[in-house]
1. Test each condition in (1) in contact with a helix residue (DSSP H, G or I) (Cβ under 8 Å, 6 or more places away or on another chain); (2) of a type in the set (A, V, I, L, M); (3) without any contact (Cβ under 8 Å) to a residue 40 or more places away in the chain for Ala99 and report the one that comes out false.
2. State whether the residues of the range 2-10 include one that is among the polar types (S, T, N, Q) and touching a helix residue (DSSP H, G or I) at 6+ places or on another chain (Cβ under 9 Å).
3. Considering the range 63-95 alone, what residues qualify as being closer than 17 Å to Ala28 by Cα, of a type in the set (Asp, Glu) and open to solvent by 60 Å² or more (accessible area, probe 1.4 Å)?
4. Condition first: open to solvent by 50 Å² or more (accessible area, probe 1.4 Å) and either touching a residue at least 24 places away in the same chain (Cβ under 8 Å) or under 10 Å from Val108 (Cβ atoms) (or both). Now tell me which residues in the range 40-53 satisfy that.
5. How many residues does the range 1-27 hold that are modelled with pLDDT under 90, in a loop (DSSP other than H, G, I, E, B) and open to solvent by 80 Å² or more (accessible area, probe 1.4 Å)?
6. Residue under question is Ser30, and the condition is that it be polar (S, T, N, Q), without any contact (Cβ under 8 Å) to a residue 12 or more places away in the chain, in a helix (DSSP H, G or I) and open to solvent by less than 60 Å² (accessible area, probe 1.4 Å); does it hold?
7. Would you please name the residue that is nearest to Ser12 (Cα to Cα), looking only at residues in the range 53-79 that are part of a helix (DSSP H, G or I) and among the acidic types (Asp, Glu)?
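The values are calculated or read from the model by the stated rules, or taken from the named source; none is laboratory data. Computed from a predicted model, the values in this text were never measured in an experiment. Glycine gets a Cβ as well: all are built from the backbone with ideal geometry, and neighbour counts include every protein chain shown. All accessible areas refer to the heavy atoms of the entire protein, side chains included, with ligands and DNA or RNA removed. Shrake-Rupley method; radii C 1.70, N 1.55, O 1.52, S 1.80 Å.
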Amino acid sequence: MATANETRGEISLSLEGVDYILRPSFEAISAFEAETGFGLLALTGQAEEATMTLDTMASIVTHCIRAHGDATGDQMLKSVNKPKIAALIMGSDGGMLGAIIRVRLLLVMAATGGFTASGEPKAAGSNGKTPVAS
């Protein structure tokens, strides 16, 4: 079983007893921004304020699961669909509230910078530390 690589900004999200790895790749972020009509920072604010719709949350989760599928070559994960993910979110323990906590963490990690467009940690700066926006 694969585990989330937090140095890549990945997190796991349990939906109806199955742990899915969400990978916020550049492609995933671009896709869910285009689909929702909101930028990463606006979506982070929605997650923080718990004003995000189920459709928006499902879009973020779907694209990030697909990104993990792309990275691992897992055809099943590459083909997940948003209606199924929305149903899984609603049917899981904690429902939307449980999922929004994890999605918020994912978005905050993606928005803070510390990762390249492909999801790899940025190279250490001249002070030997990985640059992270504050």
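1. (3)
2. There is no residue in the range 2-10 that is among the polar types (S, T, N, Q) and touching a helix residue (DSSP H, G or I) at 6+ places or on another chain (Cβ under 9 Å).
3. Correct list: Asp70 only.
4. Leu41, Glu48, Ala50
5. The qualifying residues number 2.
6. Spelling it out, Ser30 is indeed polar (S, T, N, Q), without any contact (Cβ under 8 Å) to a residue 12 or more places away in the chain, in a helix (DSSP H, G or I) and open to solvent by less than 60 Å² (accessible area, probe 1.4 Å).
7. Asp70
Yes or no, residue by residue, for (1) over 17 Å from the mean Cα position of the chain (by Cα); (2) closer than 26 Å to Gln46 by Cβ; (3) at pLDDT 90 or above:
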| residue | (1), (2), (3) |
| --- | --- |
| Gln75 | yes, no, yes |
| Ser79 | no, no, yes |
| Leu88 | no, yes, yes |
| Leu106 | no, yes, yes |
| Ala110 | no, yes, yes |
| Thr116 | no, yes, no |
